[in-house]
Amino acid sequence: MDIEFAVVEDANYSNSMNLKETEVGKDIYYGVVAEFLLHIGSHKNLPSYLQEYSIGNSLWFKFFDKSHNKHFFLFLDQNWIINDLKLPIEEIKIVAPNLCKEWSRKNSAVSNRFNLLWEQLNSSQFNILFFRAFVYDLIYRVIDEIEHSITYCRESAYYRKEKKKIEEVVEKSIQNIHEPIPKLEKMSQEVGMSVSKFKKLFKKIYGQSPYKYMLGHKLVYARKMHQTGEYTLSQIALKIGYSHISGFTKIYKKRFNER
């Protein structure tokens, strides 16, 4: 299954597909092109309510199954998407191409649904109710996955932004290794987060609490200084911001199994 996505913003683009809904309900209105294609595919005349309908200014999905040599077009009106569904067209343009790739995969939910449709279309006992149910189900799936993808992208962008803030604070603290480990309240305040949120995101990024992570860097730095033989642990403690020398010495020896 090959699936393409495009945005139709020129009414002239669809001169050959002049359709108009006049008698059916609103739920069919946005899936009515599917019925239009059913008639085109069977070389039948269009019913009156489809003849002057315009598909300009719409989101356009083309589903093409090579194995069955069949096409299916889905047009979603932009005004409906913006005003009724409250979805941003610009963000849909970003997520739709990737969704098309997912739907194109063999055995994807959308691909499997189309296999059922092709079988039904080839059946001598084709049921128009099945076809309409398929159209509505497809519209629901497309809209639902678009909404989820937009939400995921927003959350991912937000996470990257917050992650960068925390990484900058951490880098600043590492560079100032000679100063005491910053208080949790101070670090969270610098990035504009609550303490609880800062702790949660910090652990998600580094796998440790802020204190343990910063302490680890200090101990590694202290180890390098101690191995030079030029400094005692007491001197090192003062150089990396510890005023309680005995406390640092205890932590250091426990970390590196020294007596």
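The values are calculated or read from the model by the stated rules, or taken from the named source; none is laboratory data. What you see is a predicted model; the values in this text were computed from it and never measured. Cβ placement follows ideal geometry from the backbone for every residue including glycine, while neighbour counts extend to all protein chains displayed.
To keep it simple, each residue is scored yes or no on (1) at pLDDT below 80; (2) surrounded by 17 or more Cβ atoms within 10 Å (Cβ to Cβ); (3) of a type in the set (A, V, I, L, M).
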residue: PHE73; (1), (2), (3): yes, yes, no
residue: ASN83; (1), (2), (3): no, no, no
residue: LYS86; (1), (2), (3): no, no, no
residue: LEU99; (1), (2), (3): no, yes, yes
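Let's see how each residue does on (1) surrounded by 15 or more Cβ atoms within 10 Å (Cβ to Cβ); (2) out of contact with any Leu (no Cβ under 8 Å at 6 or more places or on another chain); (3) at negative phi; (4) touching a residue at least 40 places away in the same chain (Cβ under 8 Å):
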| position | (1), (2), (3), (4) |
| --- | --- |
| GLU145 | yes, no, yes, yes |
| ILE150 | yes, no, yes, yes |
| LYS172 | no, yes, yes, no |
| GLU179 | no, yes, yes, yes |
| LYS183 | no, yes, yes, no |
| VAL220 | no, yes, yes, no |
| SER246 | no, yes, yes, no |
| ARG255 | no, no, yes, no |
Next on the checklist: If I filter the range 66-84 for residues that are within 23 Å of the chain's Cα centre (by Cα), closer than 30 Å to LYS203 by Cα and in contact (Cβ under 8 Å) with a residue 60 or more places away in the chain, do I get at least one hit?
Outcome noted: no
Checklist entry - In the range 102-118, what count of residues is obtained for those that are free of Cβ contacts under 8 Å to residues at least 40 places away in the same chain and surrounded by fewer than 11 Cβ atoms within 10 Å (Cβ to Cβ)? => result 1
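When you scan the range 190-201, do you find a residue that is touching an Asp or Glu at 6+ places or on another chain (Cβ under 7 Å), in the same structural domain as LEU238 (by TED's automatic domain parsing) and either surrounded by 15 or more Cβ atoms within 10 Å (Cβ to Cβ) or not in a helix (DSSP H, G or I) (or both), even just one?
Yes, that holds for at least one residue.
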